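One structure is given below, encoded as structure tokens.
The values are calculated or read from the model by the stated rules, or taken from the named source; none is laboratory data. What you are looking at is a predicted structure, and each value in this text was computed from that prediction instead of being measured. All Cβ positions, even for glycine, are placed from backbone atoms using ideal geometry, and neighbour counts span all protein chains on display. Surface areas here come from the heavy atoms of the whole protein model, side chains and all, with no ligands, DNA or RNA. Shrake-Rupley method; radii C 1.70, N 1.55, O 1.52, S 1.80 Å.
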Amino acid sequence: ELKVEQNPLFLSMQEGKNYTIYCNYSTTSDRLYWYRQDPGKSLESLFVLLSNGAVKQEGRLMASLDTKARLSTLHITAAVHDLSATYFCAAGGAGSYQLTFGKGTKLSVIP
Amino acid sequence: NAGVTQTPKFRVLKTGQSMTLLCAQDMNHEYMYWYRQDPGMGLRLIHYSVGEGTTAKGEVPDGYNVSRLKKQNFLLGLESAAPSQTSVYFCASNDRVQETQYFGPGTRLLVL
């Protein structure tokens, strides 16, 4: 059974600082996703990572995947208030249609 | 394109009542999914469908049934609602397993 663990679950950051959210998964996965959710809203796709060593960047966010360590990271550079949201990672088991989500990291960026 | 839409947006039920949640997508996607989201639990897969006329159980299927009679629609049914089914329900779809899933706006359900 695929398990996905995110940490930290809560993160309070000052504007302008850098930080990393970690996503570990327990068994072989062939795909890893990052989503953003604003309060009371739906999930918005941020990144799709499909191979070992994959790195994707969009603005102040960068995601990477290390399949050997079963680890994905979401790095935040020079945080701004607009990045305040809950971030989820989700992994898909090899050969499975299903995604398993982490519990989410609630990020608050404070001035 | 409206993308993925869900009906209704919000519903209050009494214990034992039944209801159907409707998910519709206009992207001609093959795969559709129903999740529930509870505080501190992330999203958990209830049922999914890999094509018209097919359905399969996810992680938490008990108390729910689904149907996919048309490719664009995926229905989630609660035959006898229980307070434990109070949650936010999200539908999602995609066209290939490796593609990101596109989520609907959600249905907030309260069972009293």
Self-check item: Compactness index (Cα Rg / 2.2 N^0.38 Å), chain A
Solution: 1.02
Quiz item: R0 = 22 Å: FRET efficiency of residue B:80 with residue B:54, Cβ-based, nearest 0.05?
Solution: 0.30
Practice problem: Would you grab the residues whose amide H sits under 5 Å from the one on residue B:47? Only those 5+ places off in sequence or on another chain, please, with H modelled 1.01 Å from N. | Solution: B:34, B:58
Quiz item: Hey, which lysines would be in cross-link range of residue A:3, C-alpha to C-alpha under 17 Å, not counting anything within fewer than 8 residues on its own chain?
Solution: A:68, A:103
Quiz item: Carbon and sulfur together cover what percent of the accessible area of chain A at a 1.4 Å probe radius?
Solution: 50 percent
Quiz item: In Å² (nearest 100), what accessible area is buried between B and A, both sides summed, heavy protein atoms only, 1.4 Å probe?
Solution: 1700 Å²
Quiz item: Per residue and in Å³, how big is the convex hull formed by the alpha-carbon atoms of the range B:4-111?
Solution: 88 Å³
Practice problem: Step through the residues of the range B:41-52 one at a time and calculate ³J(HN,Hα) from phi using the Karplus curve (6.51 cos²θ - 1.76 cosθ + 1.60, θ = phi - 60°), rounding each to whole Hz and writing x for Gly and Pro. | Solution: 10, x, 9, 10, 6, 8, 9, 8, 9, 9, x, 3
Quiz item: Quick one: accessible area per residue over chain A, 1.4 Å probe, rounded to a whole number of Å²?
Solution: 50 Å²
Practice problem: Let me know the mean shielding of A:84-95 by other chains, meaning the per-residue number of their Cβ atoms within 10 Å of its Cβ. | Solution: 1
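Would you mind telling me the share, in percent, of accessible area of the range B:4-111 contributed by carbon and sulfur at probe 1.4 angstrom? Mind dumping the intermediate values first?
Values: 2470 of 4820 Å².
The value for the range B:4-111 is 51 percent carbon and sulfur by accessible area.
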Self-check item: Mean separation of Cα contacts under 8 Å (6+ apart) over length of chain A, as relative contact order %
Solution: 37 percent
Practice problem: Determine how large the accessible area of residue B:66 is when every protein chain is in place; take a 1.4 Å probe and give Å² rounded to the nearest 10. | Solution: 30 Å²
Quiz item: So what are the three principal axis dimensions of the protein assembly as shown from its Cα atoms, in whole Å, longest to shortest?
Solution: 50, 37, 35
Practice problem: List the residues of the range B:73-112 that lose 50 Å² or more of accessible area once all protein chains are present, compared with their chain alone (1.4 Å probe, heavy atoms only, no ligands or nucleic acids). | Solution: B:97, B:98, B:100, B:103
Self-check item: Karplus (6.51, -1.76, 1.60) ³J(HN,Hα), θ = phi - 60°, over the range B:66-74, in Hz, Gly and Pro reported as x
Solution: 9, 8, 9, 7, 10, 4, 7, 10, 9
